[in-house]
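The values are calculated or read from the model by the stated rules, or taken from the named source; none is laboratory data. Values in this document were obtained by computation on a predicted structure and should not be read as measured data. Here the Cβ positions follow ideal geometry from the backbone for every residue, glycine too, while neighbour counts run over all protein chains shown. Areas reflect the complete protein model, heavy atoms only, side chains present, ligands, DNA and RNA absent. Shrake-Rupley method; radii C 1.70, N 1.55, O 1.52, S 1.80 Å.
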Amino acid sequence: MESKDITVTLAPGHEVTLTTDAPDIKGLVDEIVKVKDIFDPDELKIDCEHEEFDKKSFKEIVLLATKDFLEALRLDEEAYRSALTELIERGQESQN
C-alpha cells in the first residue's frame, strides 16, 4: 500500500498526522497525554485520503488503545495521590 497521511483528531485543535506505512505511535501517545483531561471519544476523528485505508477499523483500534492508556494513567494517578496522602499523614503523626 502506498504511504499516505492519516490525521487523527483527538480533540478540537489537537491533531496528529501519521503515515499509513509507518505510523508514529509515540507521537500519538504523546498527544494523548497532552489531551488526557479533555479527551472525548465521541470527538475522535480519523481522516485519510487513501481509498483502501480502513478508517473505521483504525478508529476502533485508536479508541481501544486510548481508553486503556488513559485508564492506566488514571490508576497511576490514584495510586500516587493515595501514597502522597499516606506520607503526609505519617509526617504529621511523627511531628506530634
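Within region 59-74, can you find the residues that are of a type outside the set (D, E, K, R) and either under 30 Å from Lys4 (Cβ atoms) or open to solvent by 90 Å² or more (accessible area, probe 1.4 Å) (or both)?
Applying the first criterion (of a type outside the set (D, E, K, R)) to region 59-74 yields 61-66, 69-70, 72-73.
Ile61, Val62, Leu63, Leu64, Ala65, Thr66, Phe69, Leu70, listed by residue number.
Looking only at residues in region 8-58 that are touching an Asp or Glu at 6+ places or on another chain (Cβ under 7 Å) and of a type in the set (S, T, N, Q), the one that is most open to solvent (accessible area, probe 1.4 Å) is Thr17.
Among the conditions (1) modelled with pLDDT of 85 or more; (2) open to solvent by less than 50 Å² (accessible area, probe 1.4 Å), the only one that Glu86 does not satisfy is (2).
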